[in-house]
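The values are calculated or read from the model by the stated rules, or taken from the named source; none is laboratory data. Small disclaimer: the values here were computed from a predicted structure and weren't measured. Cβ: placed from backbone, ideal geometry, glycine included. Neighbour counts: every protein chain shown.
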Amino acid sequence: MNLEALLRDLIAEDPVRMHILHAVREVNLPDSWVAAGCVRSLVWDHLHQRVSSPLPKDIDVIWFDKAAISAQTDLALEAKLATLCSGLNGSWSVKNQARMHQRNADLPYESSADAMAHWPETATAVGVRLDQRGAIEVSAPLGLEDLFALNVRPTARFESDKYAVFLERVRSKRWLKIWPKLTLLTQG
């Protein structure tokens, strides 16, 4: 089974997520992706045989531009996206990944995909976008296998010195209650 094709089909069949992708493409940010929960929740809901997949509280948009690292730029982009996509139940969370390494105590990231590879869970490190022709592109630097296998696995950094952060995220987000078929893959 081609997991990337399946993900593209799931996104294409969701009119709300397609509307989001069109809005993000219109803003025209370099190396930009709709990522994390907006993608992950859709897949997990599908695998739990739920008819609809509500948006998460935050609609994560990541982008990468070393020349525009001001947090104020991200706030202005959130306002612009809110105008383009009014009526969504979620709020926008736009983050230029060129500065996020500072918050995460990592070395500087080289791209949005590099930043995603440093996120806490493998299943969350997935982004989608529309190209100029309207085709859905997928960025999954850690693969799609854990996402579609319903595995919640920490990334390498979160297996060691940030393991407590990983566990707290799983607990606070209540993923195992919302999606009971998930398997938490923990240390040892």
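General observations
- N28 over 24 Å from W175 (Cβ atoms), out of contact with any Cys (no Cβ under 6 Å at 6 or more places or on another chain) and buried (at least 19 other Cβ atoms within 10 Å of the Cβ): no
- Within segment 61-73, being crowded, with 20+ Cβ neighbours inside 10 Å and either in a strand (DSSP E or B) or among the hydroxyl-bearing types (S, T, Y) (or both) holds for V61, I62, W63.
- For segment 2-23, filtered to residues that are among the small types (G, A, S) and within 14 Å of V34 (Cα to Cα), the residue that is surrounded by the fewest Cβ atoms within 10 Å (Cβ to Cβ) is A12.
Quick grid of which residues meet (1) on the phi > 0 side of the Ramachandran plot; (2) modelled with pLDDT under 90; (3) not charged (D, E, K, R):
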{"site": "R8", "(1), (2), (3)": "no, no, no"}
{"site": "V16", "(1), (2), (3)": "no, no, yes"}
{"site": "R25", "(1), (2), (3)": "no, no, no"}
{"site": "L42", "(1), (2), (3)": "no, no, yes"}
{"site": "D65", "(1), (2), (3)": "no, no, no"}
{"site": "N89", "(1), (2), (3)": "no, yes, yes"}
{"site": "D106", "(1), (2), (3)": "no, yes, no"}
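- Positions within segment 18-37 being under 12 Å from the mean Cα position of the chain (by Cα) and closer than 15 Å to C85 by Cβ, in sequence order: S32, V34
- Only residues that are surrounded by 19 or more Cβ atoms within 10 Å (Cβ to Cβ) and more than 12 Å from A35 (Cα to Cα) were counted in segment 101-116, giving 1.
- Residues that are crowded, with 20+ Cβ neighbours inside 10 Å and touching a strand residue (DSSP E or B) at 6+ places or on another chain (Cβ under 6 Å) within segment 32-59 comprise S32, W33, V34, A35, A36, C38, V39, I59, listed in sequence order.
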